[in-house]
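The values are calculated or read from the model by the stated rules, or taken from the named source; none is laboratory data. Remember, predicted model here, so these are calculated numbers, not experimental data. Positions of Cβ are backbone-derived with ideal geometry, glycine not excepted, and every protein chain shown enters the neighbour counts. Calculation scope for accessible area: heavy atoms of the full protein, side chains included, ligands and nucleic acids excluded. Shrake-Rupley method; radii C 1.70, N 1.55, O 1.52, S 1.80 Å.
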Amino acid sequence: MKQEHKLFQGKTLAILSGGGDTPAINSSIEAVRNRASLLGFKVFGVLQGWKGMLGDGNVVDLTNQPYDGWYGGTALRSSRTNPFSSKKNPESRVSQVLRNLERYKIDVLVTIGGDDTNGAAKRLYETEGIPVIGFPKTIDNDLRTRTIHHYKGREIEAVLCPGFPSAAKAIAEFTANIKTTAESHSRIIVLEVMGRDAGWLTGTAIFGGGGPLALIPEVEVTRERKEFFFETVKEHYMRSPKKCLVIPVSEGVRWFDEKSGKVDVVYASSEVDEYGHPRFGGISGVIASEISNKLGIEARAQISGYYARAGNCRHYDRRLTQTLADKVADLLIREEYGMMPVMKNLVPFVELEEFNTSAIDMGKVGNKPLSDDYFDANTFTFTDAYRNFLEIVMEKPEFGDFLYDFPVVIPE
C-alpha cells in the first residue's frame, strides 16, 4: 500500500549541543537533521544547549536550510547549563524546559553531549516522559560506549566518540611541530593535553613523534612513583640521539606535591561549572620545573589547550557521525527513546556502517578510563595495543624527521 505521507509528517524534532565543543558537532547536527528530515520531521535547533530551553527559549529552524558539517565546533553554540538543581544553582529549571517543549511543539529531543548533557536528558525522560535520544560527543573519548577492540584474539573494551578522531589528529600534528623546537634546543618539552579523568587523547601524541613516556590521570604519581619517573626521564633523555624529549601529560594528572605531601591535580581556577567540575590546567609547568631542578636538564612546558577542540571535522569523524546518525534514524522509527547510538565494534573507515552500531541506555553510559591494556604504568608508556587502536581510528600519519649523523671535527 502506497504511503501518502512521510512517517513523521507533522512532528518536530529539536537538536541541542551542550558541554565542550569538538570538531565533529556540526557534522553530527547535519547528519541527524538530514535523517530526521527524510523521516518527515520538522527540525529545530536549540541554541546554547540547555540554556536555550530556559526562559522564553532560543530556537532556530534547521528545516531545509544549508548546513556545513565539515566546519568545526557547533553553529548551535553550547553551554554547561544544568536544568536540574546543583550546588552552583540550587533552583531546578525543569519546569521552564517543559514549558518550552510545549510552546515550540517539540515532540522529540536529540541531545549531543557527554555524560552531563545526556545525563540531564535521560533524567527528563525518566521523570517527565520526554522522548529523548542522546548522541555521544567528547574529545576526551571517555564515555563508556562499550565498543569492542578486537586485537590479537582478545576483546578489549574501548571507547569511540565523535570528536576524538579529529582531536587525535590535531594533537599528533601539534606534537610533530613542537618536536622540532625540542630538537633545536636539546630540551625536554612537557606537553599538556586535555583529559580531565582519562588519558585517551594524551596517547595520540605518540603518533606525532613524541617520546615514549607519558603521564595520564588513571595512574597517580605518588612520591615513590615520581622519583622513578624522574630516573626514567633522565635515562630516555641521555639515550636519545638528539638529546630531547616530548613528554605528553594529561591536564588531570594526579601529581605528588612536596609542600602539601599530597597527590592532587593542578587547578587553573577554583570555580566550578553547573555540573560541579572545576577547571584544570598548569600541570605541565609544575612537571617541567621539577625536571629542570632535579635533573639539571632544560625543560619547558607547552599547553596544547583548545587546539585539540578546534578546526574542521576530519574524515573518520565525518563518516562516524553519519553512521551513528543512521542508528538514530533506526531508533526514531522504532520510537525507542532514552537510548544513545554507539559503535559496537572498533572498525576502520570503510567499515563505519550501521550494521556495526548498537544502542545503549543513556542512563548507563558513565565514564570509561583508559584500559590497563593500553598503558603500562611501570614504564609510563602506551602499549602496542593502543598503537593498534590509533591505527584503526586515525591511521598512522606521516611526519618528517631530520635524520643526520654529522661527523665530528677534531682539530689537528
Which whole-number percentage describes the relative contact order of the chain, with Cα contacts under 8 Å and a sequence gap of 6 or more?
-> 19
Would you mind calculating the gained length between ARG334 and GLU353 on full extension (0.36 nm times residue separation, minus the Cα-Cα distance), in nm to one decimal?
-> 4.9 nm
So how much slack lies between LYS262 and ARG239, counting 0.36 nm per residue of separation and subtracting their Cα-Cα distance, in nm?
-> 5.1 nm
Which one is right for this structure if log10 I(q)/I(0) by the Debye sum over Cα atoms at q = 0.06, 0.10 Å⁻¹ is calculated from it: (i) -0.23, -0.67; (ii) -0.27, -0.70; (iii) -0.47, -0.73?
-> (ii)
Using the alpha-carbon atoms, what tilt in degrees (0 to 90, nearest 10) does helix 94-103 show relative to the longest principal axis of the chain?
-> 50
Any lysines with Cα under 23 Å of the LYS88 Cα? List them, leaving off those in the same chain fewer than 8 positions away.
-> LYS51, LYS122
With -39,500 (n - 2.57) per DSSP H segment of 4 or more residues and division by the full residue count of the chain, the 222 nm estimate, nearest 500 deg cm²/dmol, is -9500 deg cm²/dmol
Determine the equivalent ellipsoid of segment 1-43 by diagonalising the alpha-carbon gyration tensor, then write out the semi-axes as square roots of 5 times the eigenvalues, largest first, rounded to whole Å.
-> 27, 10, 5
Measuring from its Cα centre, segment 295-345 shows a charge dipole (+1 at each Lys and Arg Cβ, -1 at each Asp and Glu Cβ) which, in debye to the nearest 20, is 180
Once both axes come from the Cα atoms, what is the angle between helix 25-38 and the longest principal axis of the chain, in degrees from 0 to 90, rounded to 10?
-> 30
Give me D for segment 96-187 in µm² s⁻¹, whole number, from Stokes-Einstein with Rh from the Kirkwood sum over alpha-carbon pairs, 25 °C and 0.890 mPa s.
-> 148
Give the accessible surface of segment 241-381 per residue, rounded to a whole number of Å², with probe radius 1.4 Å and ligands, DNA and RNA excluded.
-> 45
So what's the convex hull volume per residue for the Cα atoms of segment 165-275, in Å³?
-> 121
Roughly how many nanometres apart are two label points built 7 Å out from the Cα toward the Cβ at VAL60 and HIS315?
-> 3.0
Given the Cα-Cα distance of GLN96 and VAL409 and 0.36 nm per residue of separation, how much length would full extension add, in nm?
-> 105.0 nm
Partner aspartates and glutamates whose C-alpha sits under 16 Å from that of LYS6, ignoring same-chain residues fewer than 8 away, are ASP107, ASP330, GLU335
The alpha-carbon pair-distance distribution computed for segment 61-146, with 5 angstrom bins and whole-percent values, is 3, 11, 19, 24, 20, 15, 7, 2, 0
Per its Cα gyration tensor (rounded if a/c is under 1.5, else prolate when a/b beats b/c, else oblate), segment 353-406 is best filed as oblate
Take the Cβ-Cβ distance between PHE230 and GLU398 as r, set R0 to 35 Å, and report the resulting FRET efficiency rounded to the nearest 0.05.
-> 0.60
Can you give the charge dipole size of the chain about its Cα centre, rounded to the nearest 20 debye, using +1 on the beta carbon of Lys and Arg and -1 on the beta carbon of Asp and Glu?
-> 840
Heavy atoms only, probe 1.4 Å: what % of the accessible area of segment 221-278 goes to carbon and sulfur, would you let me know?
-> 50
Normalised per residue, the volume of the convex hull around the Cα set of segment 297-412 (Å³) = 213
Angle in degrees between helix 315-333 and the longest Cα principal axis of the chain, rounded to the nearest 10 | 30
Could you tell me which of the pairs LYS105/LYS137; LYS137/LYS344; LYS259/LYS294; LYS226/LYS294; LYS169/LYS226 are separated by over 18 angstrom between their Cα atoms in the structure shown?
-> LYS105/LYS137; LYS169/LYS226
Determine, from the Cβ-Cβ distance of GLU298 and GLU157 and an R0 of 45 Å, the FRET efficiency 1/(1 + (r/R0)^6), rounded to the nearest 0.05.
-> 0.65
Write down, largest first, the equivalent ellipsoid semi-axes of segment 72-113 in whole Å, where each equals the square root of 5 times an eigenvalue of the alpha-carbon gyration tensor.
-> 20, 18, 8
